[in-house]
Each structure stands twice: as C-alpha cells, then as structure tokens.
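Trainee: Attaching a single structure in structure tokens format; questions to follow.
Derivation of every value follows stated rules applied to the coordinates shown; laboratory data play no part. Keep in mind that this is a model prediction, so the values were computed, not measured. Cβ coordinates were reconstructed from backbone atoms using ideal geometry, including for glycine residues, and neighbour counts include every protein chain displayed.
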Amino acid sequence: MKITRYAFIITALLGLVAFVMLKVIPKGSGVHQIKQQENVAGPSEGDFVPSFSLKDISGKEKTLNDYNDRIILVNFWASWCGPCNEEASSLEEMYKHLRSKGVALVAISIDHHMRPVNRFVKKYSITFPVLLDPEENVASAYGITGVPETFILNQDHKLIKHIIGPLDWTSGNVMSYLSTLMAEGQ
C-alpha cells in the first residue's frame, strides 16, 4: 500500500515538473525561436532580400515594393516578446522623426492572433505599417532565429545591416547612422 502511494506521489510530481518545463518556462530565455525550415538561410549584407506580400492590420495587401525609393527597416516582432516591447516606443519615435526624411519602417508581426497585435499597436500608439506573418513564411525566408530582428535595406532592397535583438532606435548613434545612410543615398 505504501509503495503504491509513493509511486502515485512521484508520478504526480514528475507530471508537474514536465508541465512547468513545457508550458511555464519560456523557451530560449525570452527570445522566441522561429520555426525552422531546412536549408533556409537569410540574406547576407549586400544581397537582395526576399520580396513579400502580406496583409496589414486593416486587411490591405502590402508588398516590399510599396516602400521603394527610401531606406527601409523591416522589423520582425511579436506582442509577447519582452525585448520587442522594450524597443517599440523608440521605433515609433524614430519613425516619427525620420519618415518625412526618407526612412520607411515596416513591422512584421509573427503573432498567430490579431487581438494581441491590436493591443500592442494601441499600447505603443504605433503609426508605422504593421504587417501580419502568422505562418512565419516571410520570417523563415529572411532566416530569422528569434524576435526582434531588423533588416536595414537600401532603396533597391539590398541588405545594408541585419540587427539581432532590441535597440534604442532614438539613440544618437543609431539616428546618426540612419541619417548618414539617407545622405549617402544608400
């Protein structure tokens, strides 16, 4: 009788530990691991990036070609991503400051549902275009391994810089870098 009781307790504890490991503890230390496709590598600096066609949050189809003739930042993010939340306000501020000067920002959400995307947009008063990639097809084509990741493109859609992780987009160094790119007509 005692052995059966101990076996039940041990089984219950192992089940609880498995549940916590699978459901509660975030994978990748808070950085979402994107579904991987075999032999898919993202573009390297100087390469043309893959074009895409995605719907924005209002349901309109948008393509990379909609943002020709300017420096383009393609930012992959998710509403549940802590670092994405950290950089959202600075992305918005940078966008407000530089959009009239030739910088486009396209944020691509990999969220699977609209409600958290809409909450995120409202919470940070986002005015830049937010596109939806719930199947992560564009994310996979760009070879991202987590969020946030940002690709800085020139007017011809060649990759200038790939940034992994969050950034303070309003810092002097970043604003100076983007201003230099615009001045050089990258």
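Trainee: What is the gain in length, in nm to one decimal, between Phe48 and Glu135 on full extension, counting 0.36 nm per residue of separation less the C-alpha to C-alpha distance? Each step should come with its number before you reach the end.
Mentor: On the way: separation 87, 0.36 × 87 = 31.32 nm, distance 2.24 nm.
Value of the extension gain: 29.1 nm.
Trainee: I want the local charge near Trp77. Using Cβ-Cβ distances under 9 Å, sum +1 for each Lys or Arg and -1 for each Asp or Glu among the other residues. Numbers along the way, then the final one.
Mentor: Numbers: positive: none; negative: Glu87, Asp111, Glu149.
Value of the local net charge: -3.
Trainee: Another question about this same structure. Stick to Cα atoms and the Kirkwood definition of Rh, then tell me Rg/Rh for region 30-184. Don't skip to the end; give the middle numbers.
Mentor: Numbers: Rg = 14.3 Å, Rh = 15.5 Å.
Rg/Rh: 0.92.
Trainee: Filter the cross-link list Lys62/Lys96; Lys60/Lys122; Lys55/Lys161; Lys55/Lys122; Lys62/Lys101 down to pairs whose alpha-carbon distance in this structure exceeds 23 Å.
Mentor: Numbers: Lys62/Lys96 20 Å; Lys60/Lys122 19 Å; Lys55/Lys161 25 Å; Lys55/Lys122 18 Å; Lys62/Lys101 21 Å.
With Cα atoms farther than 23 Å apart: Lys55/Lys161.
Trainee: Based on the Cβ-Cβ distance from Met175 to Ser58, what FRET efficiency comes out when R0 is 25 Å, to the nearest 0.05? If you can, show how the numbers build up before the last one.
Mentor: Numbers: r = 29 Å, r/R0 = 1.18.
The computed FRET efficiency comes out at 0.30.
Trainee: Continuing with the same structure: With both bridge residues required to lie in region 30-184, what share of the DSSP beta bridges run antiparallel, to the nearest 5%?
Mentor: Working: 16 of 26 bridges.
Of those bridges, close to 60 percent are antiparallel.
Trainee: Ok, one more. So, counting K/R as plus one and D/E as minus one, what does the shell of residues with Cβ under 15 Å around Ala88 add up to? Could the numbers behind the result be given before it?
Mentor: On the way: positive: Lys96, Arg119, Lys122, Lys123; negative: Glu86, Glu87, Glu92, Glu93, Asp111, Glu149, Asp168.
Local net charge: -3.
Trainee: Here's a follow-up. For region 65-82, take each phi angle, set θ = phi - 60°, evaluate the Karplus expression 6.51 cos²θ - 1.76 cosθ + 1.60, and give the result in whole Hz per residue in order, putting x for glycine and proline.
Mentor: Values, residue by residue: 5, 5, 10, 5, 6, 7, 6, 10, 9, 9, 10, 8, 8, 8, 5, 8, 7, x Hz.
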